[in-house]
1. Given the structure, is C:A181 closer than 23 Å to C:L242 by Cβ, modelled with pLDDT of 95 or more, not aromatic (F, W, Y) and not assigned by TED's automatic domain parsing to the domain that holds C:L361?
2. Would you check which residues across segment A:236-258 are more than 30 Å from the chain's Cα centre (by Cα), among the polar types (S, T, N, Q) and either part of a loop (DSSP other than H, G, I, E, B) or more than 7 Å from every other protein chain (Cβ to nearest Cβ) (or both) and list them?
3. Tell me whether segment B:248-265 contains one or more residues that are buried (at least 24 other Cβ atoms within 10 Å of the Cβ), among the small types (G, A, S) and at the interface with another protein chain (Cβ under 7 Å from one of its Cβ atoms).
4. In this structure, is C:S124 among the polar types (S, T, N, Q), under 19 Å from C:A243 (Cα atoms) and assigned to a strand (DSSP E or B)?
5. Picking from B:T309, B:T215, which residue would you name as being without any contact (Cβ under 8 Å) to a residue 40 or more places away in the chain, surrounded by fewer than 24 Cβ atoms within 10 Å (Cβ to Cβ), more than 9 Å from every other protein chain (Cβ to nearest Cβ) and of a type in the set (S, T, N, Q)?
6. When you go through C:A170, C:A147 one by one, which is the residue that is in a strand (DSSP E or B) and either under 29 Å from the mean Cα position of the chain (by Cα) or over 25 Å from C:Y365 (Cα atoms) (or both)?
7. Does C:S153 fit the bill of being closer than 29 Å to C:E38 by Cα and among the polar types (S, T, N, Q)?
8. What number of residues in segment A:40-74 are part of a helix (DSSP H, G or I), among the polar types (S, T, N, Q) and modelled with pLDDT of 95 or more?
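The values are calculated or read from the model by the stated rules, or taken from the named source; none is laboratory data. Computed from a predicted model, the values in this text were never measured in an experiment. Cβ placement follows ideal geometry from the backbone for every residue including glycine, while neighbour counts extend to all protein chains displayed.
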Amino acid sequence: MRIVVLVKEAPDTYGERFLDLETGLADRNKSDRVLDEIVERALEYAISYAEKHEGTEVVALSMATEDATASVRKALAMGADRAVLISDGALVGADVTLTAEVLAAALTHIGYDLVIAGDQSTDGAGGVVPAALSELLDIPQITKLTTIELDDKAVSGTRVIDRVTLKLRAELPAIVSVTERFPDARFPNFKGIMAAKKKPFEVLSVADLGADIDVLAKPRAIMTEISAKPPRAAGVKIVDEGDAGNQLAEFLKKNQLV
Amino acid sequence: MTDNILVLLDSTPDGQLSKSVPGLLGAATGLGNPIALIVGAGEHADALSAAAAAAGATKVLLADGDNTIYSTPTVDALQAAAALVQPAAVLAAHSDQSKEVVARFAVRTGAAVNYDAIDVTRDAKGIIASHSAYGGAFVVTSAVTFAAPVITVRQGVVEARGTAQPVVAEKLAVTPSGRKSAAIESIDVADAPTSLRPELRGATKVVSGGRGLGTAEKFVLVEQLADALGAAVGASRAAVDAGFVPQTFQVGQTGVQVSPQLYVALGISGAIQHKAGMQTAKTIIAINKDETAPIFEIADFGVVGDVFTVVPQLIAALEASGK
Amino acid sequence: MSESQVSPEDFVEILGGLREFIREAVIPLEREIAEKDEIPQSLRKQAMDLGLFGYAIDQEWGGIGLDVVQQAELGIELGYTSLAFRSMFGTNNGIAGQVIAGFGTETQKQQWLEGIASGDIVASFALTETGAGSNPGSMRTKAVKTADGWSISGEKRYITNAPIADVFMAFAKVTDETGKAKVEVFIVPSNLPGVTVGPHDKKMGQAGAWTADVHFDEVKVTDDALVGGQPGIGYKAAMTSLAKGRITIAALAVGQAQRVLDESLAYAAIAKQGDELIGNFQLVQAMLADMQVGVSAGRALVLDTARKYQSGEDTRIAPSVAKLYCTEMVGKVADLGVQVHGGAGYIREYPVEQIYRDVRLLRLYEGTSEIQQLIIGSNLMKQKLAEN
């Protein structure tokens, strides 16, 4: 079985995150870049499955600039067998559908039985790429899983959204996404770190994928304007006179925190 | 003639429109003629149609659902609806149910997606969406290069509302696409178990309690607010030491350090040790009886008051406004 | 000295990985470790998975194979959190593991090293006795030759990891026919009849790191328990291992000092007196400056010492110099750290309070400061006299 895990790096949420006000893209120079945490959980599942089931290959697939090499290599240090990085100048600022088209081409190029993604990244927070991939590849999707069971033929899992719990099942090949209810990822161990450098790491362009992707032929989402929010205004302190809870609710709504 | 705006509506398992619907139809009204699509209304079709019209839908398209196939029937219905009404934009809630459906619809029909908009407007060049990035630190506006955009709208942020319309409901004929899909083996509708609360580390919202909660039993108030906000639960060292919650909940220099979009401190004085673990939060809210509590120095919104009166009122207000 | 088996590029990533692990997985558990006086099993498991039990042991035996300079850099990183964490695998990489790795026979290596490198086996170093500190000279534990091996009797004190040890590197005196006494090292599994371990000591600091008395009551071991397989190797093993261990202690001291500085700086940048940050007071700044000087000097000294040890240029004086300077330095830095924190520095909640107590041990074990002075002074004189 070949499991492809979609990995991406994101600014470390631990620190300040910045967008470049000129380009609207993540400002790499200002933010620490790390493997997105939810991606690490997806990898952890794939790697521990592979440890228990001989003949399982785990491939880390990413679409990013070559700066992301170190983050993708962490997937190898954790235990993935090889990595593929799709890096192409034409993809800078790619929107969701273009990203999905490129990843779909890459997945077809690599070959897969199961594709695992995080349910949503901490920076993009769209959470729609797996669904788009299922459509493009014509494979079933089971997304936002809280549990997963996998065998050679099928994958099933539980999706809990608000009050609804769905038990879903799909024949392989399929694409799934996992939530933060999945176990914490392991820390790459010292031997894994040393072994990572010796594992295959392919960097491919869109042309290398042999796919017909025309960035301009289809409509694309583009950023038209960007601004940094003004610094935090001086805090308000009120003494409860019976309506503080309501005032708080208003404050949360006004600031789009609910 | 005004442009048609196709709006995919979410409904709840017990046959009500989702709380996101009024804002969604309000946003659509600002762009053109809102036409709603409801999939799988079943026996609730009349009630849902009436509710959608009341919220501003000039027409309601009703498509059959399928409780055995995951997602695909809704995508197929959206495709059929779009073919029928030729919309200038497709709007849906940025909900777990709908955002995936519209993403699939978009790649299937070759449209572009603007997702998680906090506002949708029109300018001379067309329809544009505004987004909040990185926990609200940046505001981004986006559009699509050409053709009708597909836009998901963050739930509960649009304040605009549509005007009530007469009920015009119509059954939508849908040809199944036959795309490979996951099977739904069972559907359970229940209260979400509390264990599904997000984890403290990396949580986007955190509600923490301190010694001010008094006892382990009363600490449940923290959990209630956390659930109302979809937040993780944290605690101060004092609350941990008092045995209200295990050590793993501790936020602070020697506990978990968090940097959420929203941090709510209940009955926490705000010792430096605690502040060191949470002061990079984007928005900090503090409720404490003691007006001199240091937590107020860094709070964006501080309430001097009793958590046991303020918090229940807050929860009620949040529930009343549908989150 | 063995070459490193880890390339500089790989080592940078290993160090980065360890830093992330310490920040994310160990520091949040510091208080739990201190309060329960125990390292959680889950953390022990993570340390095993990471490779921490065998970082100083050759890859041939399942270890990582870091050289002495890399070990020193790793030690500084490990020193950034509770010393009890490092202590858990300190004896495996340190004196106990090194005795077998450096002086054991091939059979002894095969029997023990893989388990020690993985952490499945906890090895402990049983040298110290009442009336004979870390100085093998005046030892009272005896090994007497029997028909097919040795019989060991004696009492060891303050033995690190004794309560969880699977095997002891036990130091004992052997008297030959001429009446001449020599110190030898024996590999003594802790489950042999006659081995008893006392309750773990109640210490001033380093809660979570266990020490205890170990009693050997006519413990019978076979001939192949003698490290190196023949007499005359033990004392050299002890001296060599102790000297290298001193570099590690110095590195840990630098790590702890860095932590105190970071904690104090963070506190000074957030705590106020009236409306003024305490870090803006010049007398506080003077303390921060002194701390920084100590940390910088200590770091430079440790790494220089490790390089000299690695090259063989100085394996005797330099480790003692580094241990003496760095452990005294961290004592002063910890004291200043408490002072910067004011009353808060006396409260358990703040890491500096724990560090203040924890680092006190660094000036005592593996040779007190005074022993280091004696080693340095006497060897300087010895060198000078040899020149003359």
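1. no
2. Within segment A:236-258, the subset more than 30 Å from the chain's Cα centre (by Cα) is A:236-251.
Filter again for among the polar types (S, T, N, Q), leaving A:246-247.
The answer is A:Q247, and nothing else.
3. yes
4. When the stated conditions are applied, C:S124 passes them.
5. Details: B:T309 fails: more than 9 Å from every other protein chain (Cβ to nearest Cβ).
Only one candidate qualifies: B:T215.
6. Details: C:A147 fails: in a strand (DSSP E or B).
Exactly one residue qualifies, and that residue is C:A170.
7. Details: closer than 29 Å to C:E38 by Cα: no; among the polar types (S, T, N, Q): yes.
No; evaluated as a whole, the condition is false for this residue.
8. The first filter runs over segment A:40-74 and keeps only residues part of a helix (DSSP H, G or I), leaving A:40-52, A:66-74.
When the remaining residues are screened for being among the polar types (S, T, N, Q), the result is A:48, A:69, A:71.
Subset that is modelled with pLDDT of 95 or more: A:48.
Total meeting the criteria: 1.
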